[in-house]
């Protein structure tokens, strides 16, 4: 499962995930997460997690901006996936003032890979 891969990635970098927030679609993962010591907090219908909703909205806005610069009316699904990936990559490229470091980007924390700003 992809969530287990994410949890393992965080664990190798020294971060311990104790709680995962999710909607009803994640309810089936509750037992599997409990086996690895992670609590799944499933929110009720019509309830939202503001931080997650804001992050999703930011990614959608940045992807729409990229789409607006293209001259095509329709895009292959793979191109849409790559536009979303690029939006997330760019968000994780720069340190956040409210993050755990003012100098190291979230991308570097998790992957250990330096960002070469002139290249990317």
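Nothing in this text is a laboratory measurement; each read-out follows from the coordinates by a stated rule. No experiment lies behind these values; they were computed from the predicted model shown. Counting neighbours? That spans all protein chains shown, and the Cβs are built from the backbone with ideal geometry, glycine included.
With 5 Å bins from zero, work out the P(r) of region 8-67 over every alpha carbon pair and list the percent per bin.
Cα pair-distance distribution for region 8-67, in percent: 4, 15, 18, 19, 18, 15, 9, 3, 0.
Compute the angle between helix 50-69 and the longest alpha-carbon principal axis of the chain, please, reported from 0 to 90 degrees and rounded to the nearest 10.
Once rounded, one gets 20 degrees.
Could you work out how much longer the chain between residue 66 and residue 25 gets when fully extended? Use 0.36 nm per residue separation minus the Cα distance between them, nm to one decimal. Mind showing how you got there, number by number?
Working: separation 41, 0.36 × 41 = 14.76 nm, distance 2.89 nm.
Extra length from residue 66 to residue 25 when fully extended: 11.9 nm.
How far is helix 77-91 tilted off the main Cα axis of the chain, in degrees rounded to 10, range 0 to 90?
80 degrees
Go through 94-103, 28-37, 81-90 and give me the packing order, highest mean Cβ count within 10 Å leading. Please list the in-between numbers first.
Values: 94-103: 10.2, 28-37: 12.6, 81-90: 14.6.
Final packing ranking: 81-90, 28-37, 94-103.
Using a Förster distance of 35 Å, how high is the FRET efficiency between residue 12 and residue 57, based on the Cβ-Cβ distance and rounded to 0.05?
The value I calculate is 0.70.
So for the chain, Kirkwood radius off the Cα pairs, Stokes-Einstein at 4 °C and 1.567 mPa s: how many µm² s⁻¹?
Roughly 77 µm²/s, to the nearest whole number.
Using 0.36 nm per residue, how much length does the chain from residue 73 to residue 97 gain when fully extended, once their Cα-Cα distance is taken away?
The span from residue 73 to residue 97 would gain 4.9 nm if fully extended.
From the P(r) of region 50-111, could you give the percentage of C-alpha pairs in the tail past 19 Å?
The answer is 41 percent, as a whole percent.
How big is region 2-42 along each principal axis, measuring the range of its Cα positions in Å and listing the largest first?
29, 17, 15
For the chain, what is the mean residue ellipticity at 222 nm derived from helices alone (per DSSP H run of n ≥ 4: -39500 (n - 2.57); sum divided by total residues; nearest 500 deg cm²/dmol)? Before the final figure, lay out the partial values.
On the way: 5 runs with 58 residues, N = 120.
-15000 deg cm²/dmol, from helical runs alone.
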